[in-house]
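Participant: Quick one: the structure is below, and I'll ask about it shortly.
The values are calculated or read from the model by the stated rules, or taken from the named source; none is laboratory data. Bear in mind that the values here come from a model prediction, so they are computed numbers and not experimental data. Please note: Cβ atoms are built from the backbone with ideal geometry, for glycine as well, and neighbour counts cover all protein chains shown. These accessible areas exclude ligands, DNA and RNA; they are computed on the full protein's heavy atoms, side chains included. Shrake-Rupley method; radii C 1.70, N 1.55, O 1.52, S 1.80 Å.
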Number of protein chains: 4
Amino acid sequence: MVGGGQGAFIGAVHRIAARIDGEYDLCAGALSSNPERALASARELGLADDRSYGSFEDMAAAESARNDGIEAVAIVTPNHTHYAIAKAFLSAGIHVICDKPMTVTVDEADSLLDAARESGKILAVTYNYTGYPMVREARAMIERGDLGAIRTLRVQYAQDWLSEAIEADGQKQAEWRTDPARSGAGGCIGDIGTHAYHLACFVTGLKLEALCADLSTFVDGRRLDDNAQLLLRFAGGAKGMLWASQVAVGNENNLELEVYGDKGGLAWRQEQPNELTFTRLGETPQRITRGSPAASDAAARATRIPAGHPEGYLEAFATIYQEVAAAIRAARDGGSPGDVVFPTGEDGKSGVAFVDAAVRSSAEGGIWVDV
Amino acid sequence: MVGGGQGAFIGAVHRIAARIDGEYDLCAGALSSNPERALASARELGLADDRSYGSFEDMAAAESARNDGIEAVAIVTPNHTHYAIAKAFLSAGIHVICDKPMTVTVDEADSLLDAARESGKILAVTYNYTGYPMVREARAMIERGDLGAIRTLRVQYAQDWLSEAIEADGQKQAEWRTDPARSGAGGCIGDIGTHAYHLACFVTGLKLEALCADLSTFVDGRRLDDNAQLLLRFAGGAKGMLWASQVAVGNENNLELEVYGDKGGLAWRQEQPNELTFTRLGETPQRITRGSPAASDAAARATRIPAGHPEGYLEAFATIYQEVAAAIRAARDGGSPGDVVFPTGEDGKSGVAFVDAAVRSSAEGGIWVDV
Amino acid sequence: MVGGGQGAFIGAVHRIAARIDGEYDLCAGALSSNPERALASARELGLADDRSYGSFEDMAAAESARNDGIEAVAIVTPNHTHYAIAKAFLSAGIHVICDKPMTVTVDEADSLLDAARESGKILAVTYNYTGYPMVREARAMIERGDLGAIRTLRVQYAQDWLSEAIEADGQKQAEWRTDPARSGAGGCIGDIGTHAYHLACFVTGLKLEALCADLSTFVDGRRLDDNAQLLLRFAGGAKGMLWASQVAVGNENNLELEVYGDKGGLAWRQEQPNELTFTRLGETPQRITRGSPAASDAAARATRIPAGHPEGYLEAFATIYQEVAAAIRAARDGGSPGDVVFPTGEDGKSGVAFVDAAVRSSAEGGIWVDV
Amino acid sequence: MVGGGQGAFIGAVHRIAARIDGEYDLCAGALSSNPERALASARELGLADDRSYGSFEDMAAAESARNDGIEAVAIVTPNHTHYAIAKAFLSAGIHVICDKPMTVTVDEADSLLDAARESGKILAVTYNYTGYPMVREARAMIERGDLGAIRTLRVQYAQDWLSEAIEADGQKQAEWRTDPARSGAGGCIGDIGTHAYHLACFVTGLKLEALCADLSTFVDGRRLDDNAQLLLRFAGGAKGMLWASQVAVGNENNLELEVYGDKGGLAWRQEQPNELTFTRLGETPQRITRGSPAASDAAARATRIPAGHPEGYLEAFATIYQEVAAAIRAARDGGSPGDVVFPTGEDGKSGVAFVDAAVRSSAEGGIWVDV
């Protein structure tokens, strides 16, 4: 693991996610750019001292040289560092599981795809919401035509934790996320808008063609957008709306997707992730639940426990890790990984390009920009 | 009443709404443009034969000449006829309660405002959703500053009854609503988008400055839009998104409003109208219910029965009628009408201008248009 | 109308309910046992002075003597007076619509049934919740076998308005409802428990055989129960639980019914009355909405406006009035009333017997009592 | 681990729960009473062959003799075997984490409490629902007086998976759960009723004094109850209702608790576990969410990730394991375990006594039985 030392949030999430299905052991880390904190964090997590590194470069070099070196690395640092770290590990022949957004620029994303291609190693990006069983279910339903041709969709990711200028008070998570040097040109659009965008594409299989974005910064002194409103046009004529906000008071982590086709409609909410609502044209709305007989193989594959026993965010995250584990095992041992489903470097690049287009559209007054 | 004969939907709604609080008696009508149906409808409703008219012109002339002539007329015909009818009754010195959209063009709206001004009579437009007690509550909360400065809002009105080309099968409601000659240039945007727009403005008090619209027609052969997606910019810097659709499978009459300010956020849904959700920044979300001690005077004024006994669409509609009755009484008897709240001709015109701007924006590819 | 003068709650509800469908005109009343208040109330409601009576006896006598006398009377007084008033009007040949519970004792109920039989007049009891379209739907579903053989049910009616001793502060509604002399031996069990009981029987068609009741009085100084918990055994082996409470903080008017059979289950909540949840064994739960294609004729009959436009408590109440109007019209004009559905004197008596059994069971420590 | 071999459900749950927080390593097991399945299961889980045992007796003996023997054992076998297994491990000086119900008879429970006392080892029972953060929150709220004196509660645990006689078709989970020889005298009441009972007591701190139970068997040929309805009387005068059912079509794992006191009321649902509803007398209902500022230390202690990122069943289960781990560590290393909260042998015995009393009450026709 690179990043995820004391005081970090997402690092701990990755560690639990990796642990849930018993597929990973954490053996090495460059847990902080501060060497002392790195070592202290490593000891807290039970790493051997000689596998706690002061820099990711050292770690990539040393681990690739060991017989028992790590097979895969999880990168859980601020956005601007993803590129160099991921490149170093791929080049060292180590699979990479990288937090999103994959990079800060499209050029970096392209370069990383090249690096992955050259190394033949896996490059996975943790758009973790696609690990939810009912998100898989929604995708399977659309794939098999339950909704018919998609006409329109609405996706939103609303939070409220940045309603005030907490970055000015030293809140660590807020600091780097509102800092263009560390986050890139997108604030809210990059931090959570990109999750919403990926979710919509993952579920529908649609390709975005053009967007019109109006990004706002409502909190005084903030340097990046904290609210993003977009119109979307997909290849084939489908339309969409995307809203991402970090100043929507009363919303904790309200990621929602609604999709409408000519034969049906469905809706899913991350805060109540074990169900989705589906309506076939002219019929009554149904509540399809995780683990129920109605759920398809695609959902069952991501399901651990019976219906009515809620699975949550950590399990969805774990599913990404589990799918990557299957792919790593197949790469190592030969054989087919089966139908593994996880966000790849291509998805990572698509997210970076989306943020880039949204920022450009908004900067020019909210014009339509091709993606 | 003009319109509302056999087979009509909204006419019956107006009649019940007028009856609920016992303020109106239905005594005269030109219930259909078809004279036979007009008479048959009139008899069914218990009107005297000599007060069932074959045309609105006759009705306006005759009723204004009677000592016991009607004080007010309800206009519940297709959109394109509102203007001439309303003008005739205003000119005859009769108060007008007109369904929305008030007219088909902005010019007509201006002309009607003139007619109302000259006659000194009331011109009310039934944006009926503003009659819901919890919509009044939301408005009162924002007025007294519970949400602070408004930053952004999301409003939607999603239906699914036009998911197929039912206008081609002779469904009367669908026929005129999808016919530019009778509906005007807006389809879905005029039929329900204008309700969403009025609701957002009524609750927040914001003035729209510019919009960017992407209107779509998803059903083959349809002549007007059936899905409308808009970005909104309000005076003072607030932003908004508006979605109206009549092809969103699984939505019956899903009018929803969410408003976010720097001190709080609220949400209201028409299909569950007796409550609203309110969150004060940093506090837990509250469920404020109609009739509860937390509801303010503004809501209480529109409330008939205690908390937990749901009031619905007809009661909200009746509240508009009741408020207009108070204004008519004051106009007739002198004295102040008190704080009557109902949508006026100005609101009607604003709705027409909104539809006009949306159609223009979309026709030019989705550009920003000043309103 | 008898009762329902200034300050009363349920009288106003009855008046609106009677008005909604335009089937009744209010022409006479004995609106208060206080003659001055009776007259003032009558004038407020637009009654002619000579049809405002000082006592129900006068009213029954005078109205039955008039050519244009009332056809039906609504009785909206405290419980202990229902019997004498209803008897007087039935004996005078006037149809009776009586609030629930119909009487205070089973003997009175029997005597009233006799009076109705002798007079040949209609005796209806306003168990108004059975007027909701989706309650009718639930009943129709069970009747046609969608749930199979009923196994068990849960019904509750939870309120919180009597959580404190507001009767001691002169709250009029609380005063008589907690006074054994005016309410009868049942407090909460009589006021709302009887609604829950009637609803369960109406929907399922089951007959209660025995019950075991534990009634409590939680508020100091209160003279009647304010919380009632019961186990139920129905003919044929079905079981049930019934909970009624007026001290359940956070519940406004939370009447809920769940029914489970060997082929399916359903649930309905009064506070969200326009839908019911239905699950066929082994299938996904469905949300069946009022006005939707899935709703049967039984629901459609009680439906005024399209799906998604919520109807509420007043409309459900109005449906009872409308059904009684159809029966009155048939009685007057000959012809069949059709499939009118409203709670009758038999239902009224069943409710009184239920309260009586519950009070006896609890008084003896919570033993099983046959009904 | 004892039990939990291939085909078992709850064993896998215990393993994930133990893994989530990284506090346990699975090193030994007697995973099945069938030696071949035991070994195959052990290999699948990566146990060393010499630590896969053919019987729990062998395992207890061998592990207690090893220097690196297990510190604690998880018992996940059918109910009737819990007693002997738990006793063997306690006697061997190994901490015990036992699934519920702890034993089949009260005598066994007493004997096990003695064994635990003598050995000085921990005896924990996995009433796992008490590991949910919002259940801890509810308990903390009641403890600090937010609800005032408790008046009444309603608890239910409704499922539908036994709506048909699937035990006759060889469904393994159903087979032993409906077999008196393996489950004990209680069917549904023992399998899930005991969870509901424990949850109610855990949250409120109330002690049950007497109960009146009506147990039913609705499915033909079934040998134990599949529906249980109870009235409860607690010390101090509080009342309650408990419903447990495995034939309630449409319910997956619907465990719900509502508690009402003289100052407030709260409600929690297992299927939406990240929130609870709380109403202070006379105020608006609040939605308190896991991870939000409103949540107390008691909830925070059981919380891993931020608000809006749902935690589920596995995390709640893991919290029990984590709390036991803290207690084991303190027992081993000295020092205080802090405020660890987990269900103990006393709670286990209380559950067994509850089932025993319910079965006796029902067998005698539904009489009140002291507990």
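Participant: Through the Karplus equation 6.51 cos²θ - 1.76 cosθ + 1.60, θ set to phi - 60°, convert the phi angles of segment A:334-349 into ³J(HN,Hα) values in whole Hz; use x for Gly and Pro.
Facilitator: x, x, 8, x, x, 7, 5, 10, 8, x, 9, x, 4, 5, x, 5
Participant: Would you give the gap between the C-alpha center of segment A:249-328 and the C-alpha center of segment C:1-43, rounded to a whole Å?
Facilitator: 53 Å
Participant: In debye, nearest 20, what is the charge dipole magnitude of chain C about its Cα centre with +1 on Lys and Arg Cβ and -1 on Asp and Glu Cβ, if you could check?
Facilitator: The calculation lands at about 780 debye.
Participant: Got the relative contact order for segment B:226-371 handy, in percent, Cα pairs under 8 Å and 6 or more residues apart? Mind showing how you got there, number by number?
Facilitator: On the way: 149 pairs, mean separation 14.0, N = 146.
Reported as a whole number, the value is 10 percent.
Participant: Let me check something: with ligands and nucleic acids excluded, how do C:Asp99, B:Asp50 order by accessible area (1.4 Å probe), largest to smallest?
Facilitator: Greatest to least solvent exposure: B:Asp50, C:Asp99.
Participant: Might you report the magnitude of the Cβ-based charge dipole of the protein assembly as shown about its Cα centre, with Lys and Arg at +1 and Asp and Glu at -1, to the nearest 20 debye? Spell out each step's value before the answer.
Facilitator: Details: 136 positive and 204 negative charges, 1 e Å.
That gives a dipole near 0 debye.
Participant: So what are the three principal axis dimensions of chain B from its Cα atoms, in whole Å, longest to shortest?
Facilitator: Extents along the principal axes, in whole Å: 64, 50, 37.
Participant: Let me make sure I get this right: for segment D:43-122, a, b and c are the square roots of the gyration tensor eigenvalues over alpha carbons, sorted descending. Under 1.5 in a/c it's rounded, otherwise prolate if a/b > b/c, else oblate. Which is it?
Facilitator: Verdict is oblate for segment D:43-122.
Participant: What's the average, rounded to a whole number, of partner chain beta-carbon atoms within 10 Å of each residue's beta-carbon in C:275-285?
Facilitator: Per residue, the average neighbour count from other chains is 6.
Participant: Using θ = phi - 60° and the Karplus relation 6.51 cos²θ - 1.76 cosθ + 1.60, list the HN-Hα couplings for segment B:226-233 in order, rounded to whole Hz, with x at every Gly or Pro.
Facilitator: Here the 3J(HN,Hα) series is 10, 8, 9, 10, 9, 9, 10, 10 Hz.
Participant: Okay, next question. Considering only protein heavy atoms and a 1.4 Å probe, what is the carbon-and-sulfur percentage of the accessible area of chain C?
Facilitator: With neighbouring chains kept in place, the figure for chain C is 47 percent.
Participant: Using only protein heavy atoms and a 1.4 Å probe, report how much of C:Ser64 is accessible, in Å² to the nearest 10.
Facilitator: Roughly 60 Å² of C:Ser64 is accessible to a 1.4 Å probe.
Participant: Related question: Once amide H atoms are placed 1.01 Å from N in the peptide plane, what residues at a sequence separation of 5 or more from B:Ala295, or on another chain, have their amide H within under 5 Å of its amide H?
Facilitator: Answer set, sorted by chain and number: none.
Participant: Connecting C-alpha atoms closer than 10 Å in a GNM of chain C, tell me which of C:Asn251, C:Asn274, C:Asn227 has the biggest fluctuation.
Facilitator: C:Asn251
Participant: To one decimal in nm, how far is C:Val106 from the same spot in the other copies, if labels go 7 Å from Cα toward Cβ? Please give the shortest first.
Facilitator: Shortest to longest, the spacings are 3.7, 7.6, 8.3 nm.
Participant: List the distances, in nm and shortest first, from the label point of B:Arg144 to the matching label points in every other copy, placing each point 7 Å from Cα along the Cα-to-Cβ direction.
Facilitator: List, nearest first: 2.8, 4.9, 5.4 nm.
Participant: Using Cα pairs closer than 8 Å and at least 6 residues apart in sequence, work out the relative contact order for chain B, in percent.
Facilitator: 20 percent
Participant: Let me ask another. How high is the relative contact order of segment A:58-194, in percent, with contacts defined as C-alpha pairs under 8 Å that are six or more residues apart?
Facilitator: 22 percent
Participant: To the nearest 10 square angstrom, what accessible area does A:Lys87 show with a 1.4 Å probe?
Facilitator: In the full protein context, A:Lys87 sits at about 70 Å².
Participant: Per-residue Cβ counts within 10 Å, from other chains only, averaged over C:252-262: what number is that?
Facilitator: Averaged over the peptide's residues, the number is 5.
Participant: I've got another one for you. Among DSSP bridges having both ends in chain A, what percentage is antiparallel? Round to the nearest 5.
Facilitator: Beta bridges within chain A, antiparallel portion: roughly 70 percent.
Participant: So how much accessible area does C:Arg117 have, in Å² to the nearest 10, using a 1.4 Å probe?
Facilitator: Result for C:Arg117: roughly 150 Å² accessible.
Participant: Determine the shape class of segment A:1-102: with a ≥ b ≥ c the square roots of the Cα gyration tensor eigenvalues, call it rounded for a/c under 1.5, and otherwise prolate if a/b is greater than b/c, oblate otherwise. Can you show the working numbers first?
Facilitator: Details: a/c = 1.12, a/b = 1.05, b/c = 1.07.
Rounded, because the longest to shortest axis ratio a/c is under 1.5.
Participant: Using a/c under 1.5 as the rounded threshold, could you call the protein assembly as shown rounded, prolate or oblate? The axes a ≥ b ≥ c are square roots of the C-alpha gyration tensor eigenvalues, and prolate needs a/b larger than b/c, oblate otherwise. Let's see the in-between values first.
Facilitator: Numbers: a/c = 2.26, a/b = 1.27, b/c = 1.79.
Oblate is the answer for the protein assembly as shown, as a/c is 1.5 or above yet b/c matches or exceeds a/b.
Participant: Using a 1.4 angstrom probe on the protein heavy atoms only, line up A:Cys201, D:Cys212 by accessible area, largest first.
Facilitator: Details: A:Cys201 25, D:Cys212 0 Å².
Correct descending sequence by accessible area is A:Cys201, D:Cys212.
Participant: A follow-up question, please. Quick check for chain C: number of Lys pairs with alpha-carbon distance under 16 Å, counting only pairs 8 or more apart or on different chains?
Facilitator: Here the count comes out as 6.
Participant: For chain C, modelled as a GNM with alpha-carbon contacts under 10 angstrom, which of C:Ala318, C:Ala244, C:Ala357 fluctuates the most?
Facilitator: The residue that fluctuates most here is C:Ala357.
Participant: Just tell me how shielded B:148-160 is by partners: mean number of partner chain Cβ atoms within 10 Å of each residue's Cβ, no decimals.
Facilitator: Mean number of neighbouring Cβ atoms from other chains: 4.
Participant: In whole Hz and in residue order, list the ³J(HN,Hα) couplings for segment A:314-329 that follow from phi through the Karplus curve 6.51 cos²θ - 1.76 cosθ + 1.60, θ = phi - 60°; x for Gly and Pro.
Facilitator: Once rounded to whole Hz, the list reads 5, 5, 4, 5, 4, 5, 4, 4, 5, 5, 5, 4, 5, 5, 5, 4.
Participant: Right, another one. Would you pull out the residues with amide H under 5 Å of A:Ile367's amide H, same chain only if 5 or more places away, H placed 1.01 Å from N?
Facilitator: Those lying under 5 Å, H to H, from A:Ile367 are A:Ala213.
Participant: Moving on to the next point. May I ask which residue of chain C has the beta-carbon nearest to the axis carrying chain C onto chain B, and at what distance in whole Å?
Facilitator: Checking which Cβ lies nearest the axis yields C:Gly312, 2.
Participant: Roughly speaking, what is the centre-to-centre gap between segment A:219-238 and segment C:149-182 when only Cα atoms are used, to the nearest Å?
Facilitator: 52 Å
Participant: Further, regarding this structure: For label points placed 7 Å from Cα toward Cβ, what is the shortest-first list of nm distances from A:Ala330 to its copies?
Facilitator: With the label placed 7 Å along Cα→Cβ, A:Ala330 yields 4.9, 6.9, 7.3 nm.
Participant: Highest GNM mean-square fluctuation, chain A, Cα pairs closer than 10 Å: which of A:Lys239, A:Lys121, A:Lys172?
Facilitator: Greatest mean-square fluctuation among the candidates belongs to A:Lys172.
Participant: Quick one: which residues, 5 or more positions from C:Gly187 or on another chain, have an amide H under 5 Å from its amide H? H modelled 1.01 Å from N in the peptide plane, none for Pro or chain starts.
Facilitator: C:Asp225
Participant: Just by accessible area at a 1.4 angstrom probe, what is the order of C:Trp176, C:Trp243 from largest to smallest?
Facilitator: My answer, sorted largest first, is C:Trp176, C:Trp243.
Participant: For segment D:289-371, give the magnitude of the charge dipole about the Cα centre (Cβ charges: +1 Lys/Arg, -1 Asp/Glu; no others), in debye to the nearest 20.
Facilitator: I would put it at about 260 debye.
Participant: Assuming R0 = 22 Å, can you tell me the calculated FRET efficiency for the pair A:Asp58 and D:Asp25, based on Cβ-Cβ distance, to the nearest 0.05?
Facilitator: 0.15
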